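Comments concern the structure below.
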Amino acid sequence: MRGQAQSSGSRGLVGWGRIPPFEGAAMVDAEIRELAAHVGEVVRIQGWLYNKRSSGKLLFLVLRDGSGYVQAVVFRAGVEERVWAAAEALTQESSLRVTGTVKEDRRSPGGVEIEVADIETVALCPDYPISPKEHGVDFLLNNRHLWLRSKRQHAIMRVRNELVFGIREFFYTRHYVNIDSPILTPAACEGTSTLFETDYFGEKAYLSQSGQLYLEPAAAAHGKVYCFGPTFRAEKSKTRRHLMEFWMVEPEVAWMRFDALLDLAEEFVSELVARILDRCQQELAWLERDTSKLEPATSRPYPRIDYGDAVARLQHKGFPTQFGDDFGGDEETALADESGKPVMITRYPAAIKAFYMEPDPVDPSRALAVDMIAPEGYGEIIGGSERIGSYEKLEERIREHGLPRQAFEWYLDIRKYGGFPHSGFGMGIERVVSWLCGLSHLREAIPYPRMLNRLYP
RNA sequence: UCCGCAGUAGCUCAAUGGUAGAGCGUUCGGCUGUUAACCGAAGGGUUGGGGGUUCGAGUCCCUCCUGCGGAGCCA
């Protein structure tokens, strides 16, 4: 093998022997994730020191480079004195380049380790704030820019990345067109929620709380569309299920009726869960996620419960829920935990849903609306509906909700110029990441959480 | 906005109204296979701010600030 050093050295051979830095054997830059393919070779890793353990004449360096983690071993007798000194001086999160031979070793976490020949310290890290022990939430969030380097946070962001890619692939392969909605908007989308206000050259503008209204015109242009971007809610929510800024994916489909929408939501979620289980095994293991809790969500169908039945079930369980109420967190949890799968609650009273939702033809006091509730207390991950197709009906709803008609002229135009049935839903990314990863709070599901009283870093 | 909890070393937390403590991190020393390594030593404090009760306050009271959990609202 090329990596096996031929050099001797008066200090004697250890392991593969003393390896002269940058001479003799071929050396390649490698990412840690691909080290298993380089066993026996001399490679160079560029990264940071994650942790260090020493044992006299032996030093263990845990390196990370973003692609993974690997243990590097420095034998005092096997390297030049300056290399040993460099290794001893390394502090947590110092940046460095390590050259050495890749070896299989059962004692090493990951099965592969690097026998160090040379160390180039790029920058010593002084007093890294996040030690390998426990920390409080406030402290970690103040250091979110550094916390992202931690193994657990690394794993969560990998799952999020896989989810986002899965979402885009799901729609792309089904010939949906990505049409993004504006973030700066002139008026409230749904009228009720509190919006972040900003100055737009002397006019008031608001940060979008949903891309949906802008997506409906695009559905008339392309048939099947989706948007995917950040949305903003200025509600002073202080719960583990809320962020001020979160990401939402919203498909909107021309000619799709309510029942087909339910099928779409179900197919969407089940495929995404299966994808994560398949492709993020390592990450879920690091997160100690009990994946048996996710397995049921990979198979369809999901239970579909009529709102009226849901109320009856809750009352049977002892909740004080009345017909006409919206469900709280505990009620959602009780409904979803019956089957261990996400459940879809359908046909809510129109009074507690948005103005643009199509009335149920059987009972016009109900809306063709659906909420999908994730199990294990993760709450609503999807909210959707069939949209009102008729100009007159929408006009009436805008009036009933006391919305400024002028601001919705363009929205009414969709019904005026060739109205059509259409449906869509929105899915909150962080809630799904949170559920998949088994997080106890949404704040870990987004790189830089925006919460009440927190805008730093 | 409302209800509840908390703020002590860089970090996580102890401390009947009576001398301010531990673990981790840091520094120094030891150890040739560690897995959040371990062992020994050292350094590290205006107990969130202000006011009050008391011989004496980290501890009790008032007030403000900050954070956390929950409710409402929602994804």
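The values are calculated or read from the model by the stated rules, or taken from the named source; none is laboratory data. On a predicted model such as this, the values are computed, not experimentally measured, just so you know. Glycine gets a Cβ as well: all are built from the backbone with ideal geometry, and neighbour counts include every protein chain shown.
Per the conditions (1) part of a loop (DSSP other than H, G, I, E, B); (2) in contact with a Phe, Trp or Tyr (Cβ under 9 Å, 6 or more places away or on another chain), the sole criterion not satisfied by A:G324 is (2). If you filter the range A:78-92 down to residues that are among the aliphatic types (A, V, I, L, M) and assigned to a loop (DSSP other than H, G, I, E, B), you find that the one that is nearest to RNA strand B (Cβ to nearest atom) is A:L90. Taking the criterion of being of a type in the set (A, V, I, L, M), out of contact with any Leu (no Cβ under 9 Å at 6 or more places or on another chain) and at pLDDT below 90, the only residue of the range A:101-139 that qualifies is A:V137. Scanning the range A:347-356 for residues that are of a type in the set (F, W, Y), in contact (Cβ under 8 Å) with a residue 12 or more places away in the chain, more than 15 Å from A:Y307 (Cα to Cα) and crowded, with 19+ Cβ neighbours inside 10 Å turns up at least one hit.
For residues that are away from RNA strand B (no atom under 16 Å from the Cβ) and more than 25 Å from the chain's Cα centre (by Cα), tally how many sit in the range A:319-342. Show your work before the answer.
To start, the set of residues in the range A:319-342 that are away from RNA strand B (no atom under 16 Å from the Cβ) comprises A:338-341.
In the following step, the residues that additionally are more than 25 Å from the chain's Cα centre (by Cα) were identified as A:338.
Looking only at that region, the number is 1.
Hey, among A:V370, A:V362, which residue is over 24 Å from A:S292 (Cα atoms), among the aliphatic types (A, V, I, L, M) and part of a strand (DSSP E or B)? The unique qualifying residue is A:V370. Taken together, the residues in the range A:129-140 that are near RNA strand B (Cβ under 6 Å from one of its atoms) and hydrophobic (A, V, I, L, M, F, W, C) amount to 2.
Looking for something part of a loop (DSSP other than H, G, I, E, B), more than 16 Å from RNA strand B (Cβ to nearest atom), aromatic (F, W, Y) and farther than 30 Å from A:P449 by Cβ - is there at least one such residue anywhere in the range A:415-425? Quick ask: steps written out before the conclusion?
Filtering the range A:415-425 for residues part of a loop (DSSP other than H, G, I, E, B) gives A:417-421.
Next, only the ones that are more than 16 Å from RNA strand B (Cβ to nearest atom) stay: A:417-421.
Now restrict to residues that are aromatic (F, W, Y): A:417, A:420.
Subset that is farther than 30 Å from A:P449 by Cβ: A:417, A:420.
Scanning the range A:415-425 turns up at least one residue that is part of a loop (DSSP other than H, G, I, E, B), more than 16 Å from RNA strand B (Cβ to nearest atom), aromatic (F, W, Y) and farther than 30 Å from A:P449 by Cβ.
Among the helices (runs of 4 or more DSSP H) contained in the range A:244-318, which hold 3 or more residues that are modelled with pLDDT under 95 and closer than 30 Å to A:S365 by Cβ?
Of the helices (runs of 4 or more DSSP H) lying wholly inside the range A:244-318, those with at least 3 residues that are modelled with pLDDT under 95 and closer than 30 Å to A:S365 by Cβ span A:307-316.
Looking only at the range A:65-80, count how many residues are farther than 18 Å from A:D105 by Cα and either of a type outside the set (A, V, I, L, M, F, W, C) or in contact with a Gly (Cβ under 7 Å, 6 or more places away or on another chain) (or both). First the steps, then the outcome.
Of all residues in the range A:65-80, those farther than 18 Å from A:D105 by Cα come to A:65-67, A:76-77, A:79-80.
Filter once more, keeping what is either of a type outside the set (A, V, I, L, M, F, W, C) or in contact with a Gly (Cβ under 7 Å, 6 or more places away or on another chain) (or both): A:65-67, A:76-77, A:80.
Of the residues in that region, 6 qualify.
The range A:93-183 holds helices (runs of 4 or more DSSP H) entirely within its bounds, and those carrying 2 or more residues that are polar (S, T, N, Q) map to A:151-173.
Summed over the range A:56-77, residues that are touching a residue at least 60 places away in the same chain (Cβ under 8 Å) and within 8 Å of RNA strand B (Cβ to nearest atom) total 2. A count restricted to the range A:392-429 and to residues that are at pLDDT below 95 and of a type in the set (S, T, Y) stands at 1. Among (1) in a helix (DSSP H, G or I); (2) touching a strand residue (DSSP E or B) at 6+ places or on another chain (Cβ under 9 Å); (3) charged (D, E, K, R), which single condition is A:K204 missing? Tallying (1) in a helix (DSSP H, G or I); (2) touching a strand residue (DSSP E or B) at 6+ places or on another chain (Cβ under 9 Å); (3) charged (D, E, K, R), A:K204 fails exactly one: (1). Within the range A:37-64, if we keep just the residues that are among the small types (G, A, S) and within 18 Å of A:G111 (Cβ to Cβ), the residue that is surrounded by the most Cβ atoms within 10 Å (Cβ to Cβ) turns out to be A:G40. Looking across the range A:86-95, the residues that are under 34 Å from the mean Cα position of the chain (by Cα) and either modelled with pLDDT of 95 or more or small (G, A, S) (or both) come down to A:S94, A:S95.
With the structure loaded, tell me whether A:L163 is closer than 20 Å to A:P457 by Cβ and touching a helix residue (DSSP H, G or I) at 6+ places or on another chain (Cβ under 8 Å) or whether it fails that test. Before the answer, list the steps.
Numbers: closer than 20 Å to A:P457 by Cβ: no; touching a helix residue (DSSP H, G or I) at 6+ places or on another chain (Cβ under 8 Å): yes.
Answer is no for this residue.
Assessment of the range A:419-437 against the conditions (crowded, with 20+ Cβ neighbours inside 10 Å, of a type in the set (S, T, Y) and closer than 20 Å to A:E331 by Cα) yields at least one matching residue. Restricting the range A:77-123 to residues that are charged (D, E, K, R) and farther than 20 Å from A:K57 by Cβ, which is surrounded by the fewest Cβ atoms within 10 Å (Cβ to Cβ)? Selected residue: A:R106. Exactly one residue out of A:E376, A:E395, A:E386 is among the charged types (D, E, K, R), over 20 Å from A:A297 (Cβ atoms) and within 16 Å of RNA strand B (Cβ to nearest atom), and it is A:E386.
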